[in-house]
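Undergrad: Before anything else, here's the structure in question.
The values are calculated or read from the model by the stated rules, or taken from the named source; none is laboratory data. Remember, it's a predicted structure, so these values are computed and weren't measured experimentally. Here Cβ is always computed from backbone atoms with ideal geometry, including for glycine, and neighbour counts include all displayed protein chains.
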């Protein structure tokens with residue numbers, strides 16, 4: 001009987017080790033996922049602030065150009081042309097910004113889905 005008890009104890013110890021290693025693996029996956037999500041959020045905050053500054057700079061430059069063209073206009077026709085041209089430039093800037101936003105949305109989706117897939121497979125997230 002002592003031999004059977006030793007086997008039972010060995011099996012119980014092995015199962016505890018297996019459960020412990022599985023819990024360690026799950027905790028590691030969760031930690032990698034959380035760190036990856038934090039890195040993604042921080043990068044998004046930085047990128048959003050940079051994009052906002054770039055957009056503000058572009059808008060100020062267009063406004064300055066428009067004001068200087070209006071100030072240099074010698075007739076109503078010149079003022080109308082300046083306003084029309086400035087409006088077109090602002091619309092072009094808006095279109096570029098939306099295209100940039102859509103492309104960035106695709107990038108964020110790819111990184112986020114890669115992060116989730118890496119966590120599910122127990123791999124390191126891609127940089």
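Undergrad: Which condition does residue 81 not pass, out of (1) modelled with pLDDT of 90 or more; (2) in contact with a helix residue (DSSP H, G or I) (Cβ under 8 Å, 6 or more places away or on another chain), if it passes all the others?
TA: (2)
Undergrad: Which condition number in (1) part of a helix (DSSP H, G or I); (2) without any contact (Cβ under 8 Å) to a residue 12 or more places away in the chain is the one that residue 85 fails?
TA: It is condition (2) that residue 85 fails.
Undergrad: Next up: So residue 68 passes all but one of these: (1) within 24 Å of the chain's Cα centre (by Cα); (2) modelled with pLDDT of 90 or more. Which condition number does it fail?
TA: (1) is the only condition that residue 68 fails.
Undergrad: Taking the conditions exactly as written (touching a helix residue (DSSP H, G or I) at 6+ places or on another chain (Cβ under 6 Å) and either in a loop (DSSP other than H, G, I, E, B) or modelled with pLDDT of 90 or more (or both)), does residue 73 satisfy them or not?
TA: When the stated conditions are applied, residue 73 passes them.
Undergrad: Search region 50-62 for residues being at pLDDT 90 or above and more than 30 Å from residue 111 (Cβ to Cβ), and hand back the single one that is surrounded by the fewest Cβ atoms within 10 Å (Cβ to Cβ).
TA: 60
Undergrad: Give 47, 32 a once-over and let me know the one that is free of Cβ contacts under 8 Å to residues at least 60 places away in the same chain and surrounded by 13 or more Cβ atoms within 10 Å (Cβ to Cβ).
TA: None of the other options fit; the residue is 47.
Undergrad: Being closer than 29 Å to residue 113 by Cβ, in contact (Cβ under 8 Å) with a residue 40 or more places away in the chain and either in a helix (DSSP H, G or I) or out of contact with any helix residue (DSSP H, G or I) (no Cβ under 7 Å at 6 or more places or on another chain) (or both), is that true of even one residue in region 50-64?
TA: Yes, that holds for at least one residue.
Undergrad: Going residue by residue through region 106-116, is there one that turns out to be more than 30 Å from residue 27 (Cβ to Cβ), out of contact with any helix residue (DSSP H, G or I) (no Cβ under 9 Å at 6 or more places or on another chain) and free of Cβ contacts under 8 Å to residues at least 40 places away in the same chain?
TA: Among the residues of region 106-116, at least one is more than 30 Å from residue 27 (Cβ to Cβ), out of contact with any helix residue (DSSP H, G or I) (no Cβ under 9 Å at 6 or more places or on another chain) and free of Cβ contacts under 8 Å to residues at least 40 places away in the same chain, which makes the answer yes.
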